[in-house]
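Following: one structure in structure tokens, then a few remarks.
The values are calculated or read from the model by the stated rules, or taken from the named source; none is laboratory data. Not measured: the values here are computed from a predicted model. Methodologically, a virtual Cβ is constructed for each residue, glycine included, from the backbone with ideal geometry; neighbour enumeration extends over all protein chains shown. SASA here: full protein model, heavy atoms, side chains in, ligands and nucleic acids out. Shrake-Rupley method; radii C 1.70, N 1.55, O 1.52, S 1.80 Å.
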Amino acid sequence: MSLHTIKKQQLLFEPFSDDALKLARAIYNTYIEDDKELFMEIKIKTVLHLLNLHTGVQATKYIRFLLEELNEPLCVRNFKYFANTYKMRFVVFCSYSIKDETIEIELSEEFLHVEDEYMLDPFLKG
């Protein structure tokens, strides 16, 4: 039986935009403040204020664009998660649904594990 050793990896080949980083860190801080609850609802008005946007269809499209930017899959090699080991695993930041006044977000536990253990360039706590 061999021990699994974690090797830090360069997972981000292009940096996120400033607004995507702001949004990711706000989502992560909400996760921390809510006793590490992966599912959350964030008011769209809160996100608009964070990003200095005005209410409207274009602002909602922009928020969706940022969430898609954050959800670009990261390819992790030799990934161990609980009892499973994967030669290659793709992980994403979250799943989300934009409603009339809120955004329902569920952070990926796998992503948080990758950020903590595998990333050379973690960005959530920055």
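A few points about this structure:
- Filtered residues of the range 1-49 (kept if farther than 17 Å from ASP116 by Cα, among the hydrophobic types (A, V, I, L, M, F, W, C) and in contact (Cβ under 8 Å) with a residue 60 or more places away in the chain): PHE16, PHE39, MET40, ILE42
Every residue, every condition in (1) buried (at least 17 other Cβ atoms within 10 Å of the Cβ); (2) without any contact (Cβ under 8 Å) to a residue 12 or more places away in the chain; (3) closer than 16 Å to PHE13 by Cα; (4) touching an Asp or Glu at 6+ places or on another chain (Cβ under 8 Å), yes or no:
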{"residue": "ASN52", "(1), (2), (3), (4)": "no, yes, no, no"}
{"residue": "ILE63", "(1), (2), (3), (4)": "yes, no, no, no"}
{"residue": "MET88", "(1), (2), (3), (4)": "no, no, no, no"}
{"residue": "VAL92", "(1), (2), (3), (4)": "no, no, yes, yes"}
{"residue": "SER97", "(1), (2), (3), (4)": "no, yes, no, yes"}
{"residue": "GLU101", "(1), (2), (3), (4)": "no, no, no, no"}
{"residue": "LEU107", "(1), (2), (3), (4)": "yes, no, no, no"}
{"residue": "VAL114", "(1), (2), (3), (4)": "yes, no, yes, no"}
{"residue": "MET119", "(1), (2), (3), (4)": "yes, no, yes, no"}
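- Filtered residues of the range 1-50 (kept if among the acidic types (Asp, Glu) and exposed (fewer than 12 other Cβ atoms within 10 Å of the Cβ)): GLU14, ASP18, GLU33, ASP34, ASP35
- Check on VAL76, touching a Leu at 6+ places or on another chain (Cβ under 9 Å), open to solvent by less than 30 Å² (accessible area, probe 1.4 Å) and either polar (S, T, N, Q) or within 18 Å of LEU124 (Cα to Cα) (or both): yes
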